[in-house]
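A.B. asks: Let me give you the structure first, and then I'll get to my questions.
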Amino acid sequence: MELLRTLWRGKHWIALCLFLVGFAGAYFAYGIATPVYTAKAVVTLESRQEQVVDLTSVMTGLTGDQTSINTEIEVMRSRGLAEKLVTRLDLTKDPEFNVSLREERLSINTIMRRFARVIGTARPRIERTDTEVLNQVVDAVLASIKISNVRQSYVFNIIATTESPEKASLLANSLADIYIEDQLEVKFQATRSATKWLTDRVAQLQVDLETAEAEVENFNANTSLINQEALVAQNRQVKDLRDRLAAGKATLAETTARLEMLQSTAAGNDTAAMAEAANDAILRQILLRLETSESNDLSPFTARFDQVLARAGLEVSRAKSQVQALSTTINQLSASIEQQSNDLVQLQQLQREATASRQIYEYFLTRLKETSVQQGVQQADSRVLSHAIVPRTPSAPRKLVITLLSMMLGTAAGATLVLLREVSLNTFRSTPELEKRTHTTVLGQIPSISARRRKNVLKYLTDKPTSAAVEAIRNLRTSILMSNMDKPPQVIMATSSIPGEGKTTLSIALTHNLSGLGKRVLLVEGDIRRRVFSEYFDIHDKKGLLAVLSGEEKLEDAVFHHPDLKADILIGERSSTNAADVFSSERFGAFLDELRAAYDYIVIDTPPVLAVPDARVIGQRADAIIYCVKWDSTTHRQVQQGLKSFSDVNVKVTGLTLNQVNMRGMKRYGYGDSYGAYSNYYDG
């Protein structure tokens, strides 16, 4: 709803954009755009070909899958066919496609070129070559032709769009014919090239065949070979020898391990371990006798162990000799088998090469004869299903559609501008927005007072009591007085974020309005730094606030009663003392108590809160704080920082006012409906 309200506020901008863009689109469609005509020729792929003779073609027909269909579309879009089309129809002499032949139309570029020629700064015209002209015309022709495939079919639409209906029909039909002719030409050329290549290849294959057969005969004559069965027997013998070699190696490993174990136990001189390792019955008996007798003679045991050790060494030597003999025999026999196998493999390789050469030669010779026969029976893979007819009505521009789309585009552009303006807004234009962003009550909105000079503000308030600004001040007065029903505010302070937001004007207007109730009202100039009251009132040579605070002047002598304002005024004075220190003093608090007793309402105009700390100090003693925000000027950040500066010192702002509201600006921004009530009070 907020989005819709935003768009509704900007309805005038949206309507303006709709009208401008819609008018531009309609002007283009009905006045500028050149009508063009579209013609369509239909071509279909032939999935079934007539087979005159049962021979395989040099170029196969199209398969009809999606890849083939996409390929044919690109063929029809190719520059090669487009160049043939341009040449056949002599389109380089057609101004529609050759821009150099067109008459210059009046445009900004044309005017600039003519002006440049007059003053002599025009660039010399470069004559284009025939190739460049042809390429430009081909590009223009390709841009005017579209190729499409009817979904789930072998049918292609060739669509040509030109400024002439006859030319559109001629382009579509000519391209369809050129496409069919190109298919035949490609097949004829492929067949001629294949015949020439096959002739050369058959002659070379014949020479290769004769050479291969001669090599087989020479190898048979110069080599003595055994047969395949003998090689198999030798391989079986080698396998048996390798099995025996493996067994011998195992025996050698076993005997070697036993010898090493005996040698290691002998080095330890442990008779029990030696007997266990030797695994000899005699050695065990000797060891048993030694254990049962009291004799320490180990010579019999040692002699017997040495015999066992010698026998183990002999077994190792015998195993080594056997392994070596078997290895030698295997190597000799393997070398013989390898030599015989290599010779046999080479012979078989030569025989296979000769056989392969003969088969290839016979195949190519047969293919050559078939290809020679095919040259007269080639067929195109496509045919023209429907020729293009001359269109009667233009296909573009679609005037109504362009106009409607332009209006839609204008509406979208206007809405976009309105939303972008709303998003980029960094100031306050409405009280709901101000209240929503600050979370603070808005007590009123004050229209701009049409007074060129500040001295005329009071005159305006007096002369136009029913104006919109005065009525807004009355509403503000009511809101302030009712902000605290239990304890109506007596000391009212006005401040703002930065200078120039109308807080002084508001203070004067509020004072004037309060005095109209028949109350005693005092207007105090709390901004003793700038002291702008002199721009509103003719007050000269008068003591002010600082003189009263210092005791130099009595209050009744310092105040000035203004007859038009119907209230007393206490101006500020320049001081060398810091203003914040003055307002923080106990004397200022006692002074306010004195004013409360003497007046019904005290209105204090204070400096901007972001500029100096005076307002925050005075605000701690005020009953109501009015925070002024200038319409469409004060930024969000400034207002939020100003309010935060009060909350940091535990001072609560009573409410906000949106000042200097521009009624015409409100309507321009789309808020006129919401704030039209001001016009009922405005009397000029």
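A.B. asks: Work out how much length Leu184 to Arg530 would gain on full extension: take 0.36 nm times their residue separation and subtract the Cα-Cα distance, in nm to one decimal. Present the calculation step by step, with values, prior to reporting the outcome.
C.D. replies: Values: separation 346, 0.36 × 346 = 124.56 nm, distance 9.81 nm.
Separation in residues times 0.36 nm, less the Cα-Cα distance, equals 114.7 nm.
A.B. asks: Under a crude label model (7 Å from the Cα following the beta-carbon direction), how far is Glu276 from Ser633 in nanometres?
C.D. replies: 11.6 nm
A.B. asks: Got a sec? What order do Arg236, Arg284 fall in by accessible area at 1.4 Å, biggest, i.e. largest, first? Don't skip to the answer; put the middle values down first.
C.D. replies: Numbers: Arg236 135, Arg284 105 Å².
In descending accessible area the options line up as Arg236, Arg284.
A.B. asks: Roughly how tilted is helix 108-119, in degrees to the nearest 10 and between 0 and 90, from the longest Cα axis of the chain?
C.D. replies: 90 degrees
A.B. asks: Let me ask something else. About the Cα centre, and with charges only on the beta carbon of Lys, Arg (+1) and Asp, Glu (-1), how big is the dipole of the range 176-318? Nearest 20 debye, please.
C.D. replies: Working: 15 positive and 23 negative charges, 142 e Å.
Using Cβ point charges on Lys, Arg, Asp and Glu, the range 176-318 gives about 680 debye.
A.B. asks: To continue, here is another question. Restricting to the chain, compute how many DSSP beta bridges are antiparallel as a %, nearest 5.
C.D. replies: Working: 22 of 48 bridges.
The antiparallel proportion sits near 45 percent.
A.B. asks: The range 157-182 to the range 309-374: how many Å between their Cα centroids?
C.D. replies: 69 Å
A.B. asks: Which whole-Hz couplings ³J(HN,Hα) result when phi for each residue of the range 33-42 is put into the Karplus expression 6.51 cos²θ - 1.76 cosθ + 1.60, θ = phi - 60°, listed in order with x for Gly and Pro?
C.D. replies: 4, 8, x, 10, 10, 10, 10, 10, 10, 10
A.B. asks: Could I ask something else about it? Hey, what number do you get for the chain at 222 nm if only DSSP H runs of n ≥ 4 count, each worth -39500 (n - 2.57), divided across all residues, to the nearest 500? Intermediate results must be reported in sequence, preceding the final value.
C.D. replies: Values: 23 runs with 390 residues, N = 684.
Value at 222 nm, helices only: -19000 deg cm²/dmol.
A.B. asks: Hey, another quick one. Just reorder Trp197, Trp13 by solvent-accessible area, largest first, 1.4 Å probe, all chains present.
C.D. replies: Accessible-area ranking of Trp197, Trp13, largest first: Trp197, Trp13.
A.B. asks: The list (1) 48.0; (2) 84.9; (3) 32.9 gives values of mean projected area of the Cα convex hull in nm², and only one came from this structure; which label was calculated from it?
C.D. replies: It is the value labelled (2).
A.B. asks: Considering amide H positions built from the backbone, and no H for Pro or chain starts, which residues 5 or more places from Ser496, or on another chain, come under 5 Å of its amide H?
C.D. replies: Amide H neighbours of Ser496, under 5 Å, 5+ apart: Val609, Cys628.
A.B. asks: So, one more: PRE reach from Ala303 (point 7 Å along Cα→Cβ): which of the range 260-280 fall under 11 Å by backbone N?
C.D. replies: Inside the label zone: nothing.
A.B. asks: Leaving out ligands and nucleic acids, and using a 1.4 Å probe, what accessible area per residue does the chain come to in Å²? If you can, show how the numbers build up before the last one.
C.D. replies: On the way: 39260 Å² over 684 residues.
Accessible area per residue, the chain: 57 Å².
A.B. asks: Taking all protein chains as present, what is the carbon and sulfur share of the accessible area of the range 309-467, in % to the nearest whole number, probe 1.4 Å? Don't skip to the answer; put the middle values down first.
C.D. replies: Values: 5490 of 9750 Å².
Carbon and sulfur: 56 percent of the exposed surface of the range 309-467.
A.B. asks: Let me check something: with ligands and nucleic acids excluded, how do Trp8, Trp631 order by accessible area (1.4 Å probe), largest to smallest?
C.D. replies: Details: Trp8 155, Trp631 20 Å².
Result, largest first: Trp8, Trp631.
A.B. asks: Now for a separate question. Multiply the residue separation of Lys459 and Asp65 by 0.36 nm, subtract the distance between their alpha-carbon atoms, and state the gained length in nm to one decimal. Walk me through the numbers on the way to the answer.
C.D. replies: Working: separation 394, 0.36 × 394 = 141.84 nm, distance 9.21 nm.
Once the chain is fully extended between Lys459 and Asp65, it gains 132.6 nm.
A.B. asks: Moving to a separate point now. Tilt of helix 228-268 relative to the longest C-alpha principal axis of the chain, in degrees (0 to 90, nearest 10)?
C.D. replies: Roughly 80 degrees, rounded to the nearest 10.
A.B. asks: What length, rounded to one decimal in nm, is gained on full extension from Arg437 through to Asp593, with 0.36 nm per residue of separation minus their alpha-carbon distance? Numbers along the way, then the final one.
C.D. replies: Numbers: separation 156, 0.36 × 156 = 56.16 nm, distance 3.56 nm.
This chain segment gains 52.6 nm when fully extended.
A.B. asks: For a label point 7 Å from the Cα of Gln332 along Cα→C-beta, name the residues of the range 245-260 whose backbone N is under 19 Å from it.
C.D. replies: The answer is 245-246.
A.B. asks: Something else now. Based on the Cβ-Cβ distance from Glu132 to Gln152, what FRET efficiency comes out when R0 is 60 Å, to the nearest 0.05? List each step's numbers first, then the result.
C.D. replies: Working: r = 42 Å, r/R0 = 0.71.
Once rounded, the FRET efficiency stands at 0.90.
A.B. asks: Between 0 and 90 degrees, rounded to the nearest ten: what's the tilt of helix 586-598 against the longest Cα principal axis of the chain?
C.D. replies: 50 degrees
A.B. asks: Moving on to the next point. Just to verify a number: FRET efficiency for Ile539 and Ile32, C-beta to C-beta distance, R0 = 60 Å, to 0.05? Walk me through the intermediate numbers first.
C.D. replies: Numbers: r = 70 Å, r/R0 = 1.16.
Once the sixth-power term is evaluated, E becomes 0.30.
A.B. asks: Once neighbouring chains are kept in place and the probe is 1.4 Å, which whole percent of the accessible area of the range 174-263 is contributed by carbon and sulfur?
C.D. replies: Details: 2920 of 5550 Å².
Carbon with sulfur: 53 percent of the solvent-accessible area.
The values are calculated or read from the model by the stated rules, or taken from the named source; none is laboratory data. On a predicted model such as this, the values are computed, not experimentally measured, just so you know. A quick note on method: Cβ atoms are made from the backbone with ideal geometry, for glycine too, and the neighbour counts reach across all protein chains shown. Surface areas here come from the heavy atoms of the whole protein model, side chains and all, with no ligands, DNA or RNA. Shrake-Rupley method; radii C 1.70, N 1.55, O 1.52, S 1.80 Å.
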